[in-house]
Amino acid sequence: MRTRSNRSSPETEARGRQPAARIAPGLSGFRAWLNARMPVSPRRRSKSLPGHLPVAAVGEVLVWTDGACQRNPGPGGWAALVCWEDGVVEQYSGGLAHTTNNIMEMTAALEGLRALPPGSRACVVTDSRYLHDGMTSWMAGWRRKGWKTASGDPVKNKEIWVRLAAAASDHEQVRWHWVKGHIGHPLNERADLLAVAATRNAARSVV
């Protein structure tokens, strides 16, 4: 797996993406940082986690993602947390003044993959079945049918699907892992908080 690199570009800034914030190594350090800086609202706190959570394979980077949108369509935001093997977590976020929740979910994964050096091994973690199923099940059929659905309609959000496939192909291996959202996992909750904050910022930009 390639090592991480600190990269920024005018293109990154043009997309409204926030520079990576580095968090102390270790999940316990992340929980302490999260509780101190942006505690989860009691309204959103969930019971203990059911089911299994993703476990990074040797040499694999976990990329936790989330998207949010007001009114859908409306102002939206995305967030990606890149969790390196040494315990360091880098966070990225951004938003658009007019978008949809699905587009923000997809953008979170796209930007998370773009934050990795080429040739990485990654696991993208999402609570969106639309994103997960699109990348793992539907895309092969869409391509065979010339980007048409089973009913013959054009695939929605084709441009972003194409960019996601290209971003994934830049890496040695990308797997996709679905988790139920808002069940109390700090990384999922943190990604949600960042996406919601980015949505609010995008809404304020609408005059």
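Every number here is computed from the coordinates shown, using simple stated rules; none is lab data. What you see is a predicted model, and the numbers here were worked out from it, not measured in a lab.
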Pull up the cross-link candidates among the aspartates and glutamates for Lys145, meaning alpha carbon to alpha carbon under 19 Å and not fewer than 8 places away within one chain.
Asp133, Asp153, Glu159
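Subtracting the Cα-Cα distance from 0.36 nm times the residue separation, let me have the gained length for Arg71 to Trp178 in nm, one decimal. Walk me through the numbers before you get to the answer.
Working: separation 107, 0.36 × 107 = 38.52 nm, distance 2.42 nm.
Extra length from Arg71 to Trp178 when fully extended: 36.1 nm.
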